[in-house]
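> Submitted below is the structure of interest, expressed as structure tokens.
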Amino acid sequence: MKIVFMGTPAFAVPSLQMLLEQGYEVVAVVTQPDRPQGRKKTLTPSPVKEAALALGLPVLQPERMRRPEAVAELATYEPDLIVTAAYGQILPKSVLDLPKFGCVNVHGSLLPKYRGGAPIQRCIINGEKVTGVTLMYMAEGLDTGDMISRVEVPIEDTDTSGTLFEKLSLAGCELLMNEMPRLIVGRVQATPQDDSEATYAPNLSRDDERIDWNANSFDIYNRIRGLVPFSGAFTLWNGETFKIWAAHKPDGNSVNNQAVPGTVLAVSDDGVEVATGDGSLLLTSVQPAGKKAMTAADFSRGAVMKPGTVLG
């Protein structure tokens, strides 16, 4: 059984490592090309590439997997099974048809809910209480394939996208490990998705990251934690980006004040209190433009932000 593994972020690494630890023959790893990272735009390999090289595995990094030359190179490894986890590209039919036992995907949501590239972030942003991982056969559509099995994972009020990524990564790894004995002996019985229940989780845009202070406090709180530790939520202060990395969970008893939403009500060691559509929210970790993230206590000691300032 020759297996090709496809994945890119840290979410996929435990699944790759598990396959090797369990004695499966991974003949190659496919991941996204190295991308510029940080202020200096340093070309950086994906977490999956780093893991694959550490394990001594061949790594392929096609810019577009659907190009004929990329498919031809993949075909030289003669895969019997392709396993993907957050690879980041839709596979063409020419790739889906390569392995005789099919292509399976470890997807970070309870399909058919949250199909697409940002299911984990959008579950938190939307205030979901439960999510999970679905192991599925891949089809030509966007996360439309038949479901092999799935597992639920609760979302805690304190979870961020970062903590939920870790939970789902490990849950997906265990799910894949449990199903591998069946997958390597042939296609297993799978359940078609009900397309009428499908929802979508497209990749996040700059607009998704900007806070609308007219929203209620819980919606803003969910947006902030749904964007940690990746892009981060932001607002504008004096026309410049002001990022917010953490906030105090609203108590649900906010009393609507007369301040315009976005108005700074107080700046203290406890946080920056900002008026929202239904009360206020306490920001506890912030990052002014050109500076590093800092606690509210550090910010308040040197802040020139005053009560009455309106964030936008």
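Here, each number is a calculation from the coordinates, and none is a lab measurement. Being a predicted model, the structure only gives us computed values, none of them experimental. We place every Cβ from the backbone using ideal geometry, glycine too, and count neighbours over all the protein chains shown.
> Could you give the spread of the C-alpha atoms of the chain along their three principal axes, from largest to smallest, in whole angstroms?
That gives 65, 43, 32 Å along the principal axes, largest extent first.
> Highest mean first, how do 222-229, 35-42, 174-181 rank when packing is the count of other Cβ atoms within 10 Å averaged over residues? Can you show the working numbers first?
Values: 222-229: 22.5, 35-42: 8.6, 174-181: 16.9.
Highest to lowest by the protection proxy: 222-229, 174-181, 35-42.
> Now, a different point. Which of VAL106, THR309, ALA190 sits closest to the plus end of the dipole of the chain, meaning its Cα is farthest towards the positive end, when Lys and Arg get +1 and Asp and Glu get -1 on the C-beta?
THR309
> Also, I was wondering about something else. Packing-wise, with mean Cβ within 10 Å as the measure, how do 126-136, 302-312, 146-156 rank, highest first?
126-136, 146-156, 302-312
> Quick one: if the Förster radius is 35 Å, what FRET efficiency do ILE184 and GLU69 give, using the C-beta to C-beta distance and rounding to 0.05?
On the way: r = 29 Å, r/R0 = 0.83.
Approximately 0.75, to the nearest 0.05.
> Also, I was wondering about something else. Quick one: putting +1 on the C-beta of Lys and Arg, -1 on the C-beta of Asp and Glu, what dipole do you get for the stretch 206-302 around its Cα centre, in Debye to the nearest 20?
320
> What does the highest-first list of 279-291, 112-124 look like by mean Cβ count within 10 Å? Please report the intermediate quantities before stating the final value.
Values: 279-291: 19.1, 112-124: 22.5.
Listed from highest to lowest mean packing, they are 112-124, 279-291.
> Mind checking which of GLY117, MET177, PHE242 is farthest towards the positive end of the chain's charge dipole, using Cβ charges of +1 (Lys, Arg) and -1 (Asp, Glu) about the Cα centre?
It is PHE242, whose Cα lies furthest towards the positive end.
> Something else: About its Cα centre, what dipole magnitude does the stretch 2-197 give when the only charges are +1 on Lys and Arg Cβ and -1 on Asp and Glu Cβ, stated in debye to the nearest 20?
Details: 19 positive and 24 negative charges, 118 e Å.
Its charge dipole is roughly 560 debye.
> What does the helix-only formula give at 222 nm for the chain: each DSSP H stretch with n ≥ 4 adding -39500 (n - 2.57), the total divided by the residues, and the result rounded to the nearest 500 deg cm²/dmol?
Details: 9 runs with 80 residues, N = 312.
Only helices count here, giving -7000 deg cm²/dmol.
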